[in-house]
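Here the structure comes first, spelled out in structure tokens, and everything after it is commentary.
The values are calculated or read from the model by the stated rules, or taken from the named source; none is laboratory data. Model, not experiment: these values are computed from the prediction. Here Cβ is always computed from backbone atoms with ideal geometry, including for glycine, and neighbour counts include all displayed protein chains.
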Amino acid sequence: KAGVTQTPRYLIKTRGQQVTLSCSPISGHRSVSWYQQTPGQGLQFLFEYFSETQRNKGNFPGRFSGRQFSNSRSEMNVSTLELGDSALYLCASSLDIGSGNTIYFGEGSWLTVV
Amino acid sequence: GENVEQHPSTLSVQEGDSAVIKCTYSDSASNYFPWYKQELGKRPQLIIDIRSNVGEKKDQRIAVTLNKTAKHFSLHITETQPEDSAVYFCAASVTNAGKSTFGDGTTLTVKP
């Protein structure tokens with residue numbers, strides 16, 4: 001079974017631009033969550049989607065948004081990029097929403113803002 | 001919301017020694033506690049997890065203990081090997097809330 005797939009793996013953007021990252025969950029998984037990881041930092045929760053609805057949201061500004069499609073694939077968008085947005089963005093999927101569902105991470109998308 | 005604190009932030013041990021990483025959580029409703037290992041440049045991967053109806057779980061050289069009363073859980077790695085060197089994250093999730101709250105991670109270095 002294929003794992004969580006994220007595209008693109010690496011990208012460089014200029015301050016003020018916007019970026020869209022894509023995530024394909026494990027087949028059959030309906031919950032997708034996004035995390036930001038910066039060097040030396042932990043995993044900061046961005047948001048979680050289930051059945052095309054945002055179910056949870058972390059403490060990030062409105063420049064960060066996301067969506068989920070009917071096939072459970074998800075995208076996240078960051079508008080008006082800032083230097084501090086440079087990070088590894090990890091997508092994770094789980095079978096269902098709710099405690100006790102193991103989450104599986106993708107390899108991540110490395111975003112560099114210059 | 002849930003808050004997870006993880007200690008220590010860095011841990012260096014000699015090969016063959018044991019390593020212990022501790023996490024505390026704030027929400028007594030949390031009932032699922034996974035541990036993830038992230039090797040340099042790779043994705044976090046689940047290594048062991050424990051649910052609140054269990055006090056201890058073991059898988060070969062790794063074990064996790066949970067103290068619900070004190071709201072803390074720990075990862076124990078015995079007979080450490082250089083390949084155990086990685087960043088370890090603990091997490092806690094609240095019943096039906098979905099999202100997992102992660103600790104800040106522990107960088108474990110095992111010296112040969």
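The set of residues in the range B:33-61 that are away from chain A (no Cβ under 13 Å) and either polar (S, T, N, Q) or in contact with a Ser or Thr (Cβ under 6 Å, 6 or more places away or on another chain) (or both) comprises B:Glu56, B:Gln60, B:Arg61.
Would it be correct to say that A:Ile97 is closer than 19 Å to B:Thr101 by Cα, surrounded by fewer than 22 Cβ atoms within 10 Å (Cβ to Cβ) and not polar (S, T, N, Q)? When the stated conditions are applied, A:Ile97 passes them. Only residues that are of a type outside the set (Asp, Glu) and over 13 Å from the mean Cα position of the chain (by Cα) were counted across the range A:73-93, and they come to 6.
In the set B:Ser18, B:Ser30, only one residue is over 13 Å from the mean Cα position of the chain (by Cα), of a type in the set (Ser, Thr, Tyr) and at the interface with chain A (Cβ under 10 Å from one of its Cβ atoms); that residue is B:Ser30. Restricting attention to the range B:7-31, the residues that are in contact (Cβ under 8 Å) with a residue 60 or more places away in the chain, closer than 15 Å to B:Asn67 by Cα and either among the aliphatic types (A, V, I, L, M) or outside any loop (DSSP other than H, G, I, E, B) (or both) add up to 6. Take the conditions among the aliphatic types (A, V, I, L, M) and within 12 Å of chain B (Cβ to nearest Cβ) and apply them to A:Leu81. Does it pass? Criteria not met by A:Leu81.
Consider only pairs whose beta carbons are under 6 Å apart and that are at least six residues apart or on different chains; among these, list those whose first residue lies in the range B:61-73 and is modelled with pLDDT of 95 or more and whose second residue is surrounded by fewer than 17 Cβ atoms within 10 Å (Cβ to Cβ) and part of a loop (DSSP other than H, G, I, E, B). Once the first residue is modelled with pLDDT of 95 or more and sits in the range B:61-73, its partners that are surrounded by fewer than 17 Cβ atoms within 10 Å (Cβ to Cβ) and part of a loop (DSSP other than H, G, I, E, B) give B:Arg61/B:Thr78; B:Arg61/B:Glu79; B:Leu66/B:Gly55.
Yes or no, residue by residue, for (1) more than 29 Å from A:Ser109 (Cβ to Cβ); (2) touching a Leu at 6+ places or on another chain (Cβ under 7 Å):
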site	(1), (2)
B:Leu40	no, no
B:Asp59	yes, no
B:Val64	yes, yes
B:Lys68	yes, no
B:Lys71	yes, no
B:Ile77	yes, no
B:Gln81	yes, no
B:Ser85	no, yes
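Residues that are at the interface with chain B (Cβ under 10 Å from one of its Cβ atoms) and either in contact with a Cys (Cβ under 6 Å, 6 or more places away or on another chain) or over 19 Å from A:Thr5 (Cα atoms) (or both) are absent from the range A:62-74 altogether. Specify the residue that is surrounded by the most Cβ atoms within 10 Å (Cβ to Cβ); the eligible residues are those in the range A:1-25 that are more than 13 Å from chain B (Cβ to nearest Cβ) and in contact with a Lys or Arg (Cβ under 8 Å, 6 or more places away or on another chain). Among residues in the range A:1-25 that are more than 13 Å from chain B (Cβ to nearest Cβ) and in contact with a Lys or Arg (Cβ under 8 Å, 6 or more places away or on another chain), the one surrounded by the most Cβ atoms within 10 Å (Cβ to Cβ) is A:Pro25. Looking only at the range B:81-112, residues that are in contact (Cβ under 8 Å) with a residue 60 or more places away in the chain, part of a loop (DSSP other than H, G, I, E, B) and surrounded by 21 or more Cβ atoms within 10 Å (Cβ to Cβ) come to 2 in all. Taking into account only those residues within the range A:39-57 that are closer than 16 Å to A:Phe105 by Cβ and part of a loop (DSSP other than H, G, I, E, B), which is farthest from the other protein chains (Cβ to nearest Cβ)? Among residues in the range A:39-57 that are closer than 16 Å to A:Phe105 by Cβ and part of a loop (DSSP other than H, G, I, E, B), the one farthest from the other protein chains (Cβ to nearest Cβ) is A:Gln41. Going through B:Pro44, B:Pro34 one at a time, which residue ends up being within 23 Å of B:Val110 (Cβ to Cβ), in contact (Cβ under 8 Å) with a residue 12 or more places away in the chain, buried (at least 19 other Cβ atoms within 10 Å of the Cβ) and out of contact with any Phe, Trp or Tyr (no Cβ under 8 Å at 6 or more places or on another chain)? Only one candidate qualifies: B:Pro34. Mind checking which residues of the range A:96-113 are within 18 Å of A:Ser51 (Cβ to Cβ) and either acidic (Asp, Glu) or modelled with pLDDT under 80 (or both)? Correct list: A:Asp96, A:Ile97, A:Gly98, A:Ser99, A:Asn101.
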